[in-house]
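First comes the structure, then the notes that go with it.
The numbers here are math on the coordinates, done by the rules we state, and not lab data. Just so it is clear, the structure is predicted and the values come from calculations on it, not from any experiment. Note that each Cβ is placed from the backbone with ideal geometry, even for glycine, and that neighbours are counted across all protein chains shown.
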Amino acid sequence: MSRRRALISGITGQDGSYLAELLLGKDYEVHGLVRRVALEDPSHRLRRIAGILDRITLHAGSLESFPSLYQMVRRVDPDECYHLAAQSFVSYSFDDEFSTLNTNINGTHYMLAAIHEAAPHCRFYFAGSSEMFGKVEETPQNERTRFHPRSAYGISKVAGFDLTRNYREAYGLHASIGILFNHESERRGFEFVTRKITAGVAAIASGAKSELRLGNLEARRDWGYAPEYVAAMWRMLQQDTPDDYVVSTGESHSVREFAELAFSLAGLDYRDHVAGDPLLYRPAEVDLLIGDPSKARSRLGWEPRTRFEDLVRRMVTADLETAGPTLKVTHV
Ligand code: G4F
């Protein structure tokens, strides 16, 4: 039997890189869509996939161009397509609503249309987000909780959700949606609060910095470990029937708790180093996210394994190691 072919948009990101590794481990032929600029700056932009570059095929293309996506889908003829690419930084979506909406909504629409026209047998995954719940209408949030997005990013994900569901209902596309709650790792981008904190802890522990400026410390998130979350994406596409699934740990912690633990793991007190910065507050905040992953558990057999303390410890350990060989986590 020939190898199954997967196409990943956003393969250079945290999730894309873990997903590519997972699929290679299952003997898939892995293809990735990347922006041309990524190929021109491989040491930086391809760093997360540097170790697997000789085993995957990259295609330069743009989410803004339907013809380029259509051509690529026709060439690759994938069995499974994971659409992860997006402008994914919520805060930036307040600075530029227009580009966030354009990239995220049109990009998803073009991918769906390209798959529908050029590879209708292909199974499709759309990266939904817990940001769609926004100003939450019930707690914990599940697949039936009403959406109330609080940013252009959240709105773009709701639109992507509706587009994906409509391709499923109107054209019979095998299209599933993961409503993923925050998921972090040693590969997380430095703009997100968890990595900003763990990298900040390492910089302070090594003496390179003394202060870390943060915004809202009281926001609560349901933080899981990214490699486990990409496994849930794969499981969704192995089901006979496409569907929507919440992927989360079912536990919620504040940014303050994350900072407190991360600093204490390096033998530091966050109160000595964290400074509040009003400029880092968002015009509309999502105060509390906590997901109910029961459906993923019962239908997909998926379980979150890494708990909050282990996640923070992993991230702090990795950043301390990078900052200096003598820096180690303390036992707390
Ligand atoms: O780490 P964050 O920027 O992640 P956010 O906004 O929750 O979004 C992430 O998770 C979503 C899933 O729910 C994804 F869809 C999305 O793409 C992304 O991966 O911020 C987390 C919280 C916010 O409440 C923010 O206000 O941390 C608060 N925060 C406090 N100080 C900060 C900071 N966030 C950032 N990025 N930087 C700060 O200095």
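Our estimate of slack between TYR171 and SER43, defined as 0.36 nm per intervening residue step minus the Cα-Cα distance, is 42.0 nm. Taking the charge dipole of region 1-140 about its Cα centre, with +1 at Lys and Arg Cβ atoms and -1 at Asp and Glu Cβ atoms, the residue from ILE52, ALA118, LEU63 reaching farthest to the positive side is ILE52.
Lysine pair count for the chain (Cα-Cα distance under 28 Å; residues 8 or more apart in sequence or on different chains): 9. Would you mind checking the tilt of helix 308-323 against the longest principal axis of the Cα atoms of the chain, expressed as 0 to 90 degrees and rounded to 10? In the chain, helix 308-323 runs at an angle near 80 degrees to the longest axis. Between 0 and 90 degrees, the angle of helix 14-25 with respect to the longest Cα principal axis of the chain falls at about 60 degrees. The phi-based Karplus calculation (6.51 cos²θ - 1.76 cosθ + 1.60; θ = phi - 60°) puts the 3J(HN,Hα) values of region 216-222 at 5, 7, 8, 4, 10, 10, 9 Hz, whole numbers, x for Gly and Pro.
Of the residues LEU265, LEU280, LEU101, the one that moves most in a GNM of the chain with alpha-carbon contacts below 10 Å is LEU280. The relative contact order of region 107-150 comes to 30 percent, based on Cα pairs under 8 Å that sit 6 or more residues apart. Dipole orientation for the chain: of the candidates GLY224, LEU261, PHE98, GLY224 has the Cα lying most toward the positive pole (charges on Cβ; Lys, Arg +1; Asp, Glu -1).
If a/c stays under 1.5 just call it rounded; otherwise compare a/b with b/c (prolate if a/b is bigger, oblate if not). Do that for region 75-177, with a ≥ b ≥ c from the square roots of the Cα gyration tensor eigenvalues. Note, shape of region 75-177 comes out oblate.
With the contact rule set at Cα under 8 Å and sequence spacing of 6 or more, what percent relative contact order holds for the chain? Don't skip to the end; give the middle numbers.
Numbers: 663 pairs, mean separation 55.6, N = 332.
Across the chain, relative contact order equals 17 percent.
Taking the Cα atoms only, what angle lies between the long axis of helix 255-265 and the longest principal axis of the chain, rounded to 10 degrees? Taking the Cα atoms of the chain, the angle to 255-265 is about 60 degrees. The calculated pair-distance distribution of the chain uses every alpha carbon pair, bins of 10 angstrom beginning at 0, and gives 6, 26, 35, 24, 8, 1, 0 percent. Less than 5 angstrom separates the built amide H of LEU58 from those of GLY32, all sequence-distant by 5 or more or on a different chain. Taken about its Cα centre, region 162-211 carries a charge dipole of roughly 100 debye when the Cβ of each Lys and Arg holds +1 and the Cβ of each Asp and Glu holds -1.
Can you give me the Cα centroid spacing of region 259-319 and region 5-73 in angstrom? Using only Cα atoms, the two centres lie 28 Å from each other. For the peptides 271-278, 121-128, the ranking by packing is 121-128, 271-278, with the highest mean count of neighbouring Cβ atoms within 10 Å listed first. Prolate is the label for region 203-257. Its Cα gyration tensor axes, ordered a ≥ b ≥ c, give a/c of at least 1.5 and a/b above b/c. For region 96-143, applying the loop criterion from DSSP together with a ceiling of 14 other beta carbons within 10 Å to the GluC sites (Glu not before Pro) yields GLU137, GLU138.
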